[in-house]
1. If you scan region 184-201, which residues turn out to be part of a helix (DSSP H, G or I) and open to solvent by less than 10 Å² (accessible area, probe 1.4 Å)?
2. Of the residues Ile500, Ile537, Ile512, Ile522, which single one is in contact with a helix residue (DSSP H, G or I) (Cβ under 8 Å, 6 or more places away or on another chain), under 27 Å from Arg598 (Cβ atoms) and open to solvent by less than 30 Å² (accessible area, probe 1.4 Å)?
3. It is to be established whether one or more residues within region 53-62 are of a type outside the set (Asp, Glu), within 16 Å of Val192 (Cα to Cα), part of a strand (DSSP E or B) and in contact with a Ser or Thr (Cβ under 9 Å, 6 or more places away or on another chain).
4. What strands (runs of 3 or more DSSP E) lie completely within region 418-490 and have 2 or more residues being aromatic (Phe, Trp, Tyr) and either out of contact with any helix residue (DSSP H, G or I) (no Cβ under 6 Å at 6 or more places or on another chain) or at pLDDT below 90 (or both)?
5. Checking the structure you have, find out if any residue of region 315-324 is at pLDDT below 85, touching a helix residue (DSSP H, G or I) at 6+ places or on another chain (Cβ under 7 Å) and either open to solvent by less than 60 Å² (accessible area, probe 1.4 Å) or within 24 Å of Ser433 (Cα to Cα) (or both).
6. Being open to solvent by 10 Å² or more (accessible area, probe 1.4 Å) and of a type outside the set (Lys, Arg) is the filter here; which residues of region 356-365 pass it?
7. Is it true that some residue in region 556-574 is of a type in the set (Asp, Glu) and in contact (Cβ under 8 Å) with a residue 24 or more places away in the chain?
8. Would region 13-35 turn up any residue that is open to solvent by 10 Å² or more (accessible area, probe 1.4 Å), modelled with pLDDT under 90 and under 24 Å from His149 (Cβ atoms)?
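The values are calculated or read from the model by the stated rules, or taken from the named source; none is laboratory data. Everything numeric in this text was worked out from a predicted model, so none of it was measured. A quick note on method: Cβ atoms are made from the backbone with ideal geometry, for glycine too, and the neighbour counts reach across all protein chains shown. All accessible areas refer to the heavy atoms of the entire protein, side chains included, with ligands and DNA or RNA removed. Shrake-Rupley method; radii C 1.70, N 1.55, O 1.52, S 1.80 Å.
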Amino acid sequence: MSRTGSLSINSENIFPVIKKWLYSDHDIFVRELISNGCDAITKLKKLALMGEYTFPDDHKHKIEVVVSSKDKTMKFIDTGLGMTADEVEEFITQIAFSGATSFLEKYKDDANGDEIIGHFGLGFYSAFMVADEVHIDTLSYREGAVPVHWECDGSTEYTIGEGSRTAVGTEITLFLNEDSLEFANEYRAREVIERYCSFMPTEIFLTNADAEPQYETVDKADLRDDDKVIEYIHEDAKTEEKENENGEKEIVETEPAKEKAKILKRPVSLSDTTPLWTKHPNECSDEMYRDFYRKVFMDYKEPLFWIHLNMDYPFNLKGILYFPKINTEYDSIEGTIKLYNNQVFIADNIKEVIPEFLMLLKGVIDCPDLPLNVSRSALQNDGFVKKISDYISKKVADKLSGMCKTDRENYEKYWDDISPFIKFGCLKDAKFSDRMMDYILAKNLDGKYLTLNDFIEENKKPEDTAANTAEAENTADTEKEPEQTVLYYVTDEQQQSQYINMFKEAGLDAIILKHNIDSPFITHVEQKKEGIRFARIDADVTDAFKEEASEEELKAAADTLSSVFRTALGKEQLDVKVEKLKNTKVASMITLSEESRRMQEMMKMYNMYGMDPSMFGQSETLVLNSNHPLVQYILEHKDGEHVDLLCEQLYDLAMISHAPLTAEAMTKFVARSNEIMMLLTK
């Protein structure tokens with residue numbers, strides 16, 4: 001006998017809240033209802049292991065989703081432990097709100113449902129986001145239990161009575177509202193199930209109730225107990241006329257007769273119940289890791305390598321992190337870390353669990369111990385979650401540092417691709433930086449990879465080291481500023497080739513730092529390592545490039561040439577410096593102090609192009625080589641006919657080796673080059 005009742009809620013406005021604010025994505029109801037079914041099956045398995053239940057011989061653990069566009073319905077059927085009438089009353093009709101009125105008052109104007117703190121067990125009620133009416137038919141595993149039927153039309157009233165279900169488990173029927181009929185479409189339902197439930201621990205089958213039956217033919221010997229046979233088919237043996245060794249023709253059997261069966265097409269589970277991350281790393285081959293990567297991320301580029309996380313204490317965490325090829329600008333890299341809870345998909349890239357820098361990677365993390373809110377799609381930010389985040393960061397650092405120590409060849413091979421990720425991690429995570437700083441590599445001018453520490457040691461001057469040692473030993477001395485070691489770097493090997501050649505000739509070395517992230521990273525290193533300073537290879541003209549020369553002579557030349565070049569170029573503020581360089585083939589160079597360069601980069605980063613760089617100090621310096629014939633000619637013929645032409649050309653040649661010319665400057669440079677070549681023909 002059926003009876004009616006009222007849901008145990010203090011406010012009749014609860015359903016509008018559920019429908020509008022409980023979840024940010026309405027398709028999440030599929031995950032919630034399937035998850036509930038998985039939980040029910042898991043509980044029944046545990047009861048069976050405890051000897052409190054015995055499965056029938058034909059029992060199969062599964063969840064069926066049945067859609068019907070014709071009936072506008074969606075069914076979720078599980079073979080779990082089911083419910084008695086009392087349990088339906090307890091778990092379905094009594095929503096465990098304390099102070100629902102204050103709850104509603106707090107969240108009625110909040111459009112972000114993920115902020116609703118979840119201790120209320122509202123997964124089932126997500127169905128009312130898409131359904132006008134919901135029915136439950138359930139039969140408990142308990143001996144002597146009777147089936148129960150429950151229904152509710154989205155108000156606070158419900159009806160409960162005896163049902164007709166004959167198998168242990170639960171069937172939930174959603175009568176979809178007009179705005180949600182898309183979920184009765186087989187392909188839309190498949191899309192949502194594959195998004196949220198691809199790796200649930202129970203097989204999930206999708207059926208379209210409106211579709212015509214589909215069939216397949218199998219060998220009779222391969223029939224399974226659950227196959228529904230439509231008819232048996234006998235196939236005669238296949239024969240062929242062939243010529244024997246005597247030249248006579250005879251009929252030869254090429255394929256034996258076969259007994260087959262036409263059956264209803266076997267359903268295929270949409271869930272991989274034992275995903276790769278649940279296995280022990282020793283059970284997984286490289287090809288299995290690659291196949292899983294392609295399947296989950298639809299990325300057919302090979303990952304560089306991966307880390308298999310497998311931890312049981314002090315919390316349960318498993319997962320696989322893949323290192324894809326990272327060779328674009330760091331601010332445009334976007335990875336995907338999929339977070340699971342007991343193989344149930346929660347969300348992508350949850351920042352509370354996954355360190356920000358790891359979001360450049362691709363991977364899956366499954367942590368059943370995570371404290372989730374009502375929608376299972378956001379985390380309560382507590383100390384436990386921080387420990388998980390720290391653990392993941394530590395495991396990544398351990399993998400990378402271990403590779404550097406034991407597999408240096410591969411570490412160097414991957415370095416150019418993974419260095420932006422590692423440097424980004426150092427900037428974002430202090431502990432990661434501490435763990436990785438000794439394993440930062442740098443490629444020098446000869447293409448050799450050195451650790452940053454090795455490069456620093458190679459560039460320390462012997463006299464500086466001795467001075468530092470003496471200072472440390474003499475504690476009575478007044479405290480002095482530590483000697484600085486300048487590390488030179490290159491950002492564009494082609495653009496800065498002139499400077500590179502001069503460095504090599506002088507026996508100096510520099511490292512290649514091409515990526516956008518290198519600029520903030522070297523500032524980070526300077527802060528971490530006392531006495532270290534970075535400078536781009538064209539920041540200054542080092543003493544190693546110069547010959548001894550009279551300061552008075554150089555100053556006089558600089559005064560004259562400054563006046564000539566400023567007039568010829570129309571740049572009254574141009575800074576001109578004269579040096580006597582050992583390389584007599586270099587006529588002119590541009591230098592820009594490291595401080596000015598970094599300030600300009602900062603201005604670009606914050607889109608401050610309209611600001612005058614000179615407000616932050618001197619801009620470029622034109623360095624002229626007094627050992628070069630052209631510079632000597634200009635110095636001697638400062639009022640000559642072609643001096644202006646030569647000044648402009650030397651300035652542009654210096655700029656080309658320093659930075660790209662503007663379109664207008666390049667046009668003038670080409671025209672001027674032609675004019676100079678024409679002079680040679682006269």
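1. Ala184, Ala189, Val192, Ile193, Tyr196, Cys197
2. Only one candidate passes the filter, namely Ile537.
3. no
4. Where strands (runs of 3 or more DSSP E) fall fully within region 418-490 and carry at least 2 residues being aromatic (Phe, Trp, Tyr) and either out of contact with any helix residue (DSSP H, G or I) (no Cβ under 6 Å at 6 or more places or on another chain) or at pLDDT below 90 (or both), they are 485-490.
5. Scanning region 315-324 turns up at least one residue that is at pLDDT below 85, touching a helix residue (DSSP H, G or I) at 6+ places or on another chain (Cβ under 7 Å) and either open to solvent by less than 60 Å² (accessible area, probe 1.4 Å) or within 24 Å of Ser433 (Cα to Cα) (or both).
6. Glu356, Met359, Leu360
7. No, every residue in region 556-574 fails to be of a type in the set (Asp, Glu) and in contact (Cβ under 8 Å) with a residue 24 or more places away in the chain.
8. Yes: one or more hits.
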